[in-house]
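Enquirer: Structure below; questions to follow.
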Amino acid sequence: MNDYTIYSLSKLSSYSFQHDNLTLILSFTDEDRSSCAIEFLIGQKIHIDNLIIINYFNKSLPEQWKNNTSNVIMVSSVKNAPDFAQEMKTILSTQTISNILLDITCISNPDMFILIKILKKLNIESLNIVYSSPTDYFFDNEPFTSYHSYNGDLIMYEILGFSGEETTDLYGGNELYLFLGFESAMSLKVIENYTYDKLFLVNNLPAFYPKYKDISILNNYTIMDYQHTSLYVPANNPFEVYNSLMNNISKNKPVSIAPLSNKPTSLGICLYALDNPNVKIVYPMSKTLNPSKSFGTYETYCYSINF
Amino acid sequence: MSMNSNSLKANLSSTSNFENPFDDINANLIEPHRILSLWCSPFTKNSIITDEDFKNEKMPIILQGTRGSGKTTVLKYFSFAVQSERAKKNCVSLLEQIKCEKSIGFYFRCDDAFINTACSLFHNKPKEHWLSFFEHYFELMLSGFIISVLKELVRKNDVSVDKIDELIYNSQGIKAMVDTTDFSLKTLEDIVISEIKYINQFRNDSIFDNSVFKPLHIFRLFSLSLALIKDVLYTIVCNQLSFLILVDEFENLTTDLQQLFNTKMKFSNSYVSIRIGRRSEGAVTTATINNDEYLRVDHDYKLFTLSQGSAIEEQKEYFLQIAKKRLEESSSFSSCHNLISILGDKEDLDTECKNLCLGKTDHLKTILSEKHELKNNNALMQQVINEIAYPDNPIAETLNALWVIRNKNSTAVEAAQKAHCAMLDFFGKKENSLSKKYRNDYNNKYRYSITVLLASIYKKKKLYYGFNALVHLSDNNARTFLNYCKSIFNDAFFYEREEFLSTKRISKESQNRAILEFSVSEFESICSIINYGDKIRNLILGIGNVFYTKHKDRRIRYPETTQFSFIDLPTFPQEYIDIINTAENWSLIIKREKTQRVSIDVSQKGNLYRLNKAFCPIFGISYRTRGGYNERFSVSNIEQFIKASLPSRNNENLDTDPKTDTLDNIQLTLFDLEDSSDE
């Protein structure tokens, strides 16, 4: 008999929330979608016990949020991964938390990985995650290649807590799974800095909008020229990303993954990496994030995770 | 009919099997057997280092070179993985191969993602903790490597495990290092693996578990490994064994770690020989952990620069050999291993100019219009054109026009007659002072400039093609050369497949298209991954545009101006200096090795720079480096470039065409030119 997990994925409007002791973790930015989930909860008169805000851009919170919340905690260590991990760990271990809702919409990719690992380490059995996709991203100058999620220079990191396993194998190869995003600089940075013997380029199909798949290809055209195997995963389903990785990744080989695609896809990668410590997650980071990358909210999805 | 079918079948077959011989380029990704089969040594008979030195010289060697210059290939070639392939190729046992070469190489790539993240785990701790962690980690990887080599020798029956166990048992060095009573290869392997596992666990979990770094054993660099080399490998192989530590991408190490390695190099022991591959001097330190001691070249290490110094003929020979190896391995090119016969050798500027002018005299009119007395006098202009015209040789007639507009002592017609006379004497091989001057102008000084100018006048592009141009554009960089070849072969396969596969020749149009495409993509790729990428992109575009404008000068006052200097660089704001240094470290701009007179009109000496030649096609400028007039950029010029603001129109030094201010605009201009040419 095969091992299997039945996953839960639904739209926000049809999701039934547990109301007791709700802790909501989110990042509040200039993007409309960053507040979509909390405003839905407030609209539904669901009281939030602990509101933990990862405030990358020092934005002041709307009064209405404070009125619906017992305890607001602002996370200040957002410039440095070890400090962020320490602060989140301290916050989460000092609160009585049982019912966590994590809004990953505008939390940076590396921070999302760190946060989920912290939550897993706190022996939380299950976790509810929401993600709001935008109406569209900002393409300032022309339609397809002007999207920027960051400003400044990129530096390569292994995401804290996801360093994989070093070996001294004389002939060990290394597989790199590069999940394509909208920024060629990020994927070029990974390719430039990383050694692999097999490259897998992963795009979203179906994407949130069909054009997003093509925008990824357009922005990664140079890399498509490298010898690679193409894979496709659905954009809105982290569980299928997990399954796809499970089916494709070679066993007993060092594996690295660069999660440059959207957040639900990164969530699937994160869940896979948590179960497979040989997986290294590599990510090019910059010191400054772009506060406004998209507008509107298209859809909000809820995912239930059992650790 | 049947012959036609057969021929079609053959074509389809060869088409479907076509593999670009230049497809795999990045040495990081090439498998050991392929590194061996494609190996061309960059150490020539004139080099200060030979292959033999690299293997057996005790003094550390630093390989310095630009990105893609071949550092990784060299380091990997001398690594154990490729040595194993050499054993297979030579049909000898691994042990025999090691004994024969008297060396074993441990290849270690300084992975910046690993270093950045591991270092961040120690960011609130004293730096000694981080250094100690890295030393321990490096030592484990090194010892683990030696243990794996020993296991491999056992697996291949080259040596018995009992013998190795006995040597380990008798080693006082090993006994002093590890906390065990059972001294065997297996025990050592278990200890190393368990320590590496501990490191993995620490890296993955310490921040979440608040654990501090406390391994069971903590090894200093060259502790256990040295004992294994001295007491085990020496006995099994020979005591002249040269154990190479091949450290690649040294510039990725933090300054503290670079100092650690520098110290090991300065006070090197006789059991290991360190080889470093590093990008450039600017990105690394020569300091040791003793703050007052620095590494000195030729005293503490030998320095070999892969991307500098070799003459163009040597580069040609080297690149031709690299291409030959790849063509030999390709089934599609088994009958044609010579890249020159596929691409052609030198550019045919005469034919190019004829194709630009197509018998018209617009270029003569344009140039002659620079002379006031001709500009508004059509009859006189026509008279002069009649004197100097030589439609079969547009370069010569253009040179005649230049002689006319430069002449100040006689009338235009007299000057035209003089130029015509000099031309006839030159072609008729008559020796006199004028024909000598004409020969120099025609053969050396203006030939290339005139071609670029004619292309500009007729709104077409100067083409880049032929092996000679390819070697120049590659700027002594093997990866750039291979990328150009890959791009050209792909283009030819796409646009002129049948012709290409049957004749094994590639048209100059296809070559030019591919070269331009690669130049633009390489420029964009580098700018998108480096620090200050956007600002450096603007800087290079600004500089390139100035040269482009100079190349369009109808009087050709600055033939092939491609060099520049900075006015008072040390007084520039630190950010600009950092930007310039980064551009230099990534070889976007190249500084000449020695200081020299900054320009013909300035007597002062200083550093001269030029753009990487790979970017010349973007701007349509010459890939040659000529002396004479060089551009000089002040801090305000650099500021204008970096901020992508338009240079002042009244600044004589920067007579840049505002339309070509960004790469997009340059590309637009190029497209405009193409459109015009179709008209």
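Where a number appears in this text, it was derived from the coordinates with a stated rule and is not lab data. Keep in mind that what you see is a predicted model, and the values were worked out from it rather than measured. Glycine gets a Cβ as well: all are built from the backbone with ideal geometry, and neighbour counts include every protein chain shown.
Enquirer: Give me B:461, B:197 ranked fewest to most by other Cβ atoms within 10 Å of their Cβ, as a rough exposure proxy.
Expert: With the fewest neighbours first, B:461, B:197 line up as B:197, B:461.
Enquirer: So how tilted is helix B:478-495 from the main axis of chain B? Cα-based, degrees 0 to 90, rounded to 10.
Expert: Roughly 60 degrees between the two axes.
Enquirer: Sorted from fewest to most neighbouring beta carbons within 10 Å, what does the list B:229, B:577 look like? Don't jump to the answer; show the numbers that get you there.
Expert: Details: B:229 22, B:577 15.
Fewest-to-most ranking of B:229, B:577: B:577, B:229.
Enquirer: log10 I(q)/I(0), Debye, Cα-only segment A:150-289, no solvent, q = 0.16 Å⁻¹?
Expert: Debye curve over Cα of segment A:150-289, log10 I(q)/I(0) at q = 0.16 Å⁻¹: -0.80.
Enquirer: Here's a follow-up. For segment B:545-652, which GluC sites (Glu not before Pro) are both in a DSSP coil and crowded by at most 14 other Cβ atoms within 10 Å?
Expert: Numbers: sites: B:560, B:575, B:584, B:593, B:631, B:639, B:652; in loops: B:560, B:593.
Those satisfying the criteria are B:593.
Enquirer: Could you compute Rg(Cα) / (2.2 N^0.38 Å) for segment B:217-369, with N its residue count?
Expert: With N residues counted in segment B:217-369, Rg over 2.2 N^0.38 Å equals 1.78.
Enquirer: Here's another thing I want to ask about it. Mind running the shape call on segment B:138-185? Use the C-alpha gyration tensor, a ≥ b ≥ c as the square roots of the eigenvalues: rounded below 1.5 for a/c, prolate if a/b tops b/c, oblate otherwise.
Expert: Judged from the Cα gyration tensor, segment B:138-185 comes out oblate (a/c at least 1.5, b/c at or above a/b).
Enquirer: Which value, in debye to the nearest 20, gives the size of the charge dipole of segment A:33-163 about its Cα centre, when Lys and Arg are +1 and Asp and Glu are -1 at the Cβ?
Expert: 440
Enquirer: May I pose another question? Quick check on segment B:274-363: what are the equivalent-ellipsoid semi-axes from the Cα gyration tensor, as sqrt(5λ), descending, whole Å? Can you show the working numbers first?
Expert: Working: eigenvalues 409, 111, 21 Å².
Rounded to whole Å, the semi-axes are 45, 24, 10.
Enquirer: How much length is gained on full extension from residue A:136 to residue A:13, taking 0.36 nm per residue of separation minus their Cα-Cα distance?
Expert: 42.2 nm
Enquirer: Using Cα atoms only, what is the angle between the long axis of helix B:508-529 and the major principal axis of chain B, expressed in degrees (0 to 90) to the nearest 10?
Expert: 50
Enquirer: Suppose every K and R has +1 on its Cβ and every D and E has -1 on its Cβ; what is the size of the dipole of chain A about the Cα centre, in Debye to the nearest 20?
Expert: Details: 20 positive and 30 negative charges, 63 e Å.
It works out to roughly 300 debye.
Enquirer: Size of chain B along its principal axes in angstrom, Cα-based, largest extent first?
Expert: 106, 75, 50
Enquirer: Given segment B:458-534 reduced to its alpha-carbon atoms as identical point scatterers, what log10 I(q)/I(0) does the Debye formula return at q = 0.14, 0.26 Å⁻¹?
Expert: So the normalised log intensities work out to -0.50, -1.20.
Enquirer: Taking the Cα centre of segment A:150-289 as origin, work out the dipole magnitude from +1 charges on Lys and Arg Cβ and -1 charges on Asp and Glu Cβ, in debye rounded to 20.
Expert: Dipole size: approximately 320 debye.
Enquirer: So what's Rg/Rh here for segment B:106-153, counting alpha carbon atoms and using the Kirkwood radius for Rh?
Expert: Ratio of gyration radius to Kirkwood radius: 1.10.
Enquirer: Is there a simple number for the mean count of other chain Cβ atoms within 10 Å of the Cβ of residues in B:522-529, and what is it?
Expert: Average neighbour count from other chains, rounded to a whole number: 5.
Enquirer: Could you give each residue of segment B:338-352 its phi-based ³J(HN,Hα) in whole Hz, using Karplus coefficients 6.51, -1.76, 1.60 with θ = phi - 60°, and x for Gly or Pro?
Expert: Once rounded to whole Hz, the list reads 9, 4, 4, 6, 7, 9, x, 9, 8, 5, 9, 5, 4, 5, 4.
Enquirer: Partner chain Cβ atoms within 10 Å, averaged over the residues of A:166-174 - can you pull that number for me?
Expert: Mean partner shielding for this stretch: 6.
Enquirer: A further question on this structure: If you take the beta carbon distance between residue B:517 and residue B:355 as r and set R0 to 35 Å, what does 1/(1 + (r/R0)^6) give as a FRET efficiency, to the nearest 0.05?
Expert: 0.95
Enquirer: Taking H as built 1.01 Å from N, whose amide H comes closer than 5 Å to the amide H of residue B:244, not counting residues under 5 places away?
Expert: B:104, B:105, B:106, B:273
Enquirer: Using only atoms on other chains, find how many Cβ atoms lie within 10 Å of each Cβ of peptide A:221-227 and report the average.
Expert: 3
Enquirer: Using only the Cα atoms of segment B:132-291, build the gyration tensor, take square roots of its eigenvalues as a ≥ b ≥ c, and label the shape rounded, prolate or oblate: rounded if a/c is under 1.5, else prolate if a/b is larger than b/c, else oblate. Each step should come with its number before you reach the end.
Expert: On the way: a/c = 2.07, a/b = 1.27, b/c = 1.62.
Oblate.
Enquirer: A further question on this structure: Tell me, what are the semi-axes, in whole angstrom and largest first, of the equivalent ellipsoid of segment B:349-457 as set by the roots of 5 times the Cα gyration tensor eigenvalues?
Expert: Ellipsoid semi-axes (Å, largest first): 19, 18, 11.
Enquirer: In nm, to one decimal, how far is the residue B:53 label point from the residue B:209 one, both placed 7 Å along Cα→Cβ?
Expert: A separation of 5.0 nm, rounded to one decimal place.
Enquirer: Mind ordering B:90-96, B:327-333 by average Cβ neighbours within 10 Å, highest first? Write down the numbers at each step before the final one.
Expert: Numbers: B:90-96: 14.0, B:327-333: 16.9.
Result, highest mean first: B:327-333, B:90-96.
Enquirer: Just rank A:145, A:168, A:105, fewest to most, by other beta-carbon atoms within 10 angstrom. Each step should come with its number before you reach the end.
Expert: Values: A:145 14, A:168 18, A:105 26.
With the sparsest Cβ surroundings first, the list reads A:145, A:168, A:105.
Enquirer: Using the beta-carbon distance between residue B:362 and residue B:639 and R0 = 35 Å, what value does 1/(1 + (r/R0)^6) give for FRET efficiency, to the nearest 0.05?
Expert: Here the calculated transfer efficiency is 0.35.
Enquirer: Now for a different question. Taking one equal scatterer on every alpha-carbon of segment B:122-209, how large is log10 of I(q)/I(0) by Debye at q = 0.13, 0.17, 0.25 1/Å?
Expert: Computed log10 I(q)/I(0) values: -0.53, -0.80, -1.28.
Enquirer: Please state, as a whole number in µm²/s, the translational diffusion coefficient that the Stokes-Einstein equation yields for segment B:505-629 at 37 °C and 0.692 mPa s, with Rh defined as the Kirkwood radius across alpha carbon pairs.
Expert: 210
Enquirer: State the dimensionless ratio Rg/Rh of chain A (Rg: radius of gyration of Cα atoms; Rh: Kirkwood radius).
Expert: With Rg and the Kirkwood Rh in hand, the quotient comes to 0.95.
Enquirer: From Cα coordinates alone, what are the radius of gyration and Dmax values for the protein assembly as shown in angstrom?
Expert: 32.3, 106
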